[in-house]
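K.L.:
One structure coming up, written as structure tokens, with questions to follow.
The values are calculated or read from the model by the stated rules, or taken from the named source; none is laboratory data. Remember, predicted model here, so these are calculated numbers, not experimental data. Counting neighbours? That spans all protein chains shown, and the Cβs are built from the backbone with ideal geometry, glycine included.
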Ligand code: HCA
Ligand code: CU
């Protein structure tokens, strides 16, 4: 089963650092790595040591923490980057090179034969220096590359027998789930290697694409906390968890789900951004039920309107009561929560009062409570 054996490559410390407001300090990077490790992600990807002197020092510091998660770095396909990556002591090296006409023209200027030769050279060098390092080769902008070019490159690299994993990257967020599925399926079938998917979210498909990749046999998915990354980012960790949980809770049982809200809050704080209201699991309204008919059914059985159980993430559901869409079942539930037992007629009359008042302005919870207390104690 594709979903039972997948790994998360958590890239908040690499792709995430490319987010507009991310500038993690060494201490913040270690805190993020520590929490991701406690959450249980299998791999943590860090910015290239070539990015800056501090970036190299930060990799060494995180490697030195001795976490259970394997620490990877991400480099361009050249000898100098490879040498510097090896110097950091990382357990895995992710190599990427552009194959789309856009990148060939505007980034490195090499043709497909030159890309294959260079990759073979760099990968052989790394393998000689570090027989045990986990090696991954990925094309950048895979979905705007010519299919024939892509397959030539991947098959040539697979034939070398030097890498454990091939990566496909939807660098510009253009792919549809069907396209991701087709490419991943082909790579799995033709090479038998592990396959990683990295998907940007420019057109809102990053989670669906990650899920399609897994269905097609991908073994590794890249995520970042809150989905931060270049432009509007990539597959969010929490969104991927929500998607897999709803397929089968067992698929995410290996992770410490109760840490997810803290991870989202941590990154929101470090990047000085709010958690979006619409965020998966941790958005402010993710577990708020409002309309009367929803409230009634959720109070009877939360599953009626919930596919995720807030308790599994250390969160609680809320039934909003002080608005014009409220219903008397929700009001009764609030009364019971306050230890008040009011008869049906009284509850219905309070509900009408709330609706009338809410037509002018929604009531706060203390205002609803005051109405219930007044009725209970005839204040
Ligand atoms: C980048 C590009 C990348 C690489 C993805 C990968 C992308 O910023 O270096 O190596 O898996 O989206 O193509 O993030
Ligand atoms: Cu990316």
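K.L.:
Tally up the residues in segment 134-164 that are within 16 Å of ligand 2 (Cβ to nearest atom) and assigned to a strand (DSSP E or B), please.
P.N.:
Residues of segment 134-164 that are within 16 Å of ligand 2 (Cβ to nearest atom), as a first pass: 136-145.
Now restrict to residues that are assigned to a strand (DSSP E or B): 136-140.
The total comes to 5.
K.L.:
Tell me, please, whether a residue that is more than 13 Å from ligand 1 (Cβ to nearest atom), touching a residue at least 12 places away in the same chain (Cβ under 8 Å) and either outside the structural domain of residue 231 (by TED's automatic domain parsing) or farther than 23 Å from residue 77 by Cα (or both) can be found in segment 158-172.
P.N.:
No, segment 158-172 has no match at all.
K.L.:
Can you find a residue in segment 184-205 that is within 12 Å of the chain's Cα centre (by Cα), assigned by TED's automatic domain parsing to the domain that holds residue 144 and part of a helix (DSSP H, G or I)?
P.N.:
For segment 184-205, residues within 12 Å of the chain's Cα centre (by Cα), assigned by TED's automatic domain parsing to the domain that holds residue 144 and part of a helix (DSSP H, G or I): absent.
K.L.:
On the basis of being in a loop (DSSP other than H, G, I, E, B) and buried (at least 18 other Cβ atoms within 10 Å of the Cβ), does residue 90 make the cut?
P.N.:
The answer is yes for residue 90.
K.L.:
Now, a different point. Taking segment 206-244, which residues are in a helix (DSSP H, G or I) and under 20 Å from residue 19 (Cβ atoms)? Give the steps one after another, and end with the answer.
P.N.:
As a first pass, look at segment 206-244 and keep what is in a helix (DSSP H, G or I): 206-215, 225-227, 237-244.
Matches in segment 206-244: 206, 207, 209, 210, 225, 226, 227, 237, 238, 239, 240, 241.
K.L.:
Is it the case that residue 188 is in contact (Cβ under 8 Å) with a residue 24 or more places away in the chain and in contact with a helix residue (DSSP H, G or I) (Cβ under 7 Å, 6 or more places away or on another chain)?
P.N.:
no
K.L.:
Of all residues in segment 245-268, how many are touching a helix residue (DSSP H, G or I) at 6+ places or on another chain (Cβ under 9 Å) and either within 16 Å of ligand 2 (Cβ to nearest atom) or within 18 Å of residue 283 (Cα to Cα) (or both)?
P.N.:
12
K.L.:
Please work out if residue 38 is surrounded by fewer than 18 Cβ atoms within 10 Å (Cβ to Cβ) and away from ligand 2 (no atom under 16 Å from the Cβ).
P.N.:
Yes.
K.L.:
Answer yes if at least one residue in segment 279-288 is over 21 Å from the mean Cα position of the chain (by Cα) and farther than 22 Å from residue 44 by Cα, and no otherwise.
P.N.:
Looking through segment 279-288, at least one residue is over 21 Å from the mean Cα position of the chain (by Cα) and farther than 22 Å from residue 44 by Cα.
K.L.:
Take the conditions in contact with a helix residue (DSSP H, G or I) (Cβ under 7 Å, 6 or more places away or on another chain), without any contact (Cβ under 8 Å) to a residue 60 or more places away in the chain and more than 16 Å from ligand 2 (Cβ to nearest atom) and apply them to residue 23. Does it pass? Steps first, please.
P.N.:
On the way: in contact with a helix residue (DSSP H, G or I) (Cβ under 7 Å, 6 or more places away or on another chain): no; without any contact (Cβ under 8 Å) to a residue 60 or more places away in the chain: yes; more than 16 Å from ligand 2 (Cβ to nearest atom): yes.
No, not satisfied.
K.L.:
Answer yes or no as to whether residue 102 is in a helix (DSSP H, G or I), within 16 Å of ligand 2 (Cβ to nearest atom) and either free of Cβ contacts under 8 Å to residues at least 12 places away in the same chain or surrounded by fewer than 18 Cβ atoms within 10 Å (Cβ to Cβ) (or both).
P.N.:
It is true that residue 102 is in a helix (DSSP H, G or I), within 16 Å of ligand 2 (Cβ to nearest atom) and either free of Cβ contacts under 8 Å to residues at least 12 places away in the same chain or surrounded by fewer than 18 Cβ atoms within 10 Å (Cβ to Cβ) (or both).
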